[in-house]
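Contents: one structure, followed by commentary.
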Amino acid sequence: MRLKNKVAVITGSSRGIGAAIARGFAKEGCRVVVTYLHQKEKAEEIANEIGSNLALKMDVRDRTTIKAVFSKAFNQYGKLDILVNNAGVNQTNDFDKQTDEEWDEVINVNLTGVFRCCQEVLPYINDYGRIVNIGSLSGEYGGPRTPSYAAAKMGVMALTHNVARFLAPRNICVNCLSPGVIASEFTEKTMSQGVKETALSLMLIKRFAKYEEMVGAAVFLASDESSYMTAQTLSINGGAWVR
């Protein structure tokens, strides 16, 4: 098992990509701390499913809760090897209609939240540890109807490179996993048929991804197999490209 005896905190892991990664890490022998903001019952279900005894509330807008999660994880297991910064929100709107409130919320959670977590984990994460930040195809090509989300995720890619430089002396590898469009309830609600067709036209594999298809890359980036990889963005997007 590639993550045997490792300890990971995954932000926003009560559902979606975070829950899929939590399951995948557990299958590889990792002890996973599941975190949530609102979905306590779902987080506890995931924790029970993977044999974890820690499902903790974390608000990435609040350093107090971030510190509390890392402290509890460290006190429970005596170490922390992996941080996956997955927690995020989106506010879909055209550029000329996006409000300041929508912009601020998305930037605060998706970009500043990653910044806060990377800072607060420093006293706890082991040397030779791993930080995996979750980006997005939206950040690589700018949208189309998610100006705040695109800006935040592009910022995550740049922040990943910066943190990797800072933590290189500790041999902590910091990388970004950038998923493509994932088939989900959110996608169905927010993407019109025309937008879906445009998105699919960018992809060599003509379908949207499944959450589970992000797990292998996440395990790789969290494992010793990626020991010579840092400051990189790994895109899992069905071969999407912009014409």
* In region 194-214, is there at least one residue being touching a residue at least 60 places away in the same chain (Cβ under 8 Å), in a loop (DSSP other than H, G, I, E, B), more than 16 Å from the chain's Cα centre (by Cα) and surrounded by 13 or more Cβ atoms within 10 Å (Cβ to Cβ)? -> yes
* Are there any pairs, at least 6 apart or on different chains, whose C-beta atoms fall under 7 Å, with the first in region 151-166 and under 19 Å from ASP104 (Cα atoms) and the second not small (Gly, Ala, Ser) and not in a helix (DSSP H, G or I), and if so, which? -> VAL156/ASN133; VAL156/CYS176; MET157/CYS176; MET157/THR233
* Structure fact -> Within region 166-193, residues of a type in the set (A, V, I, L, M) and either over 16 Å from the mean Cα position of the chain (by Cα) or assigned to a helix (DSSP H, G or I) (or both) come out as LEU167, ALA168, ILE172, ALA183, MET191
* To do: Note down all Cβ pairs under 9 Å where the first residue falls in region 221-243 and is more than 11 Å from CYS176 (Cβ to Cβ) and in contact (Cβ under 8 Å) with a residue 24 or more places away in the chain, the second is assigned to a loop (DSSP other than H, G, I, E, B) and among the basic types (Lys, Arg), and they're at least six residues apart or on different chains.
  => ALA222/ARG2; ALA222/LYS6; SER223/ARG2; SER223/LYS6; ASP224/ARG2; GLU225/ARG2; GLY238/LYS206; GLY238/ARG207
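Okay, residues lined up against (1) free of Cβ contacts under 8 Å to residues at least 12 places away in the same chain; (2) among the aliphatic types (A, V, I, L, M):
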{"position": "MET1", "(1), (2)": "no, yes"}
{"position": "ARG23", "(1), (2)": "no, no"}
{"position": "VAL32", "(1), (2)": "no, yes"}
{"position": "THR35", "(1), (2)": "no, no"}
{"position": "LYS42", "(1), (2)": "no, no"}
{"position": "ASN48", "(1), (2)": "yes, no"}
{"position": "LEU56", "(1), (2)": "no, yes"}
{"position": "ASP59", "(1), (2)": "no, no"}
* Picking from GLN98, GLN76, which residue would you name as being more than 19 Å from the chain's Cα centre (by Cα) and over 25 Å from TYR149 (Cβ atoms)? -> GLN76
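Throughout, read-outs are computed from the coordinates displayed, never taken from laboratory work. A quick note: this is a predicted structure, and the numbers were derived from the prediction, not measured. Neighbour counts run over all protein chains shown; Cβ positions are idealised from the backbone, glycine included.
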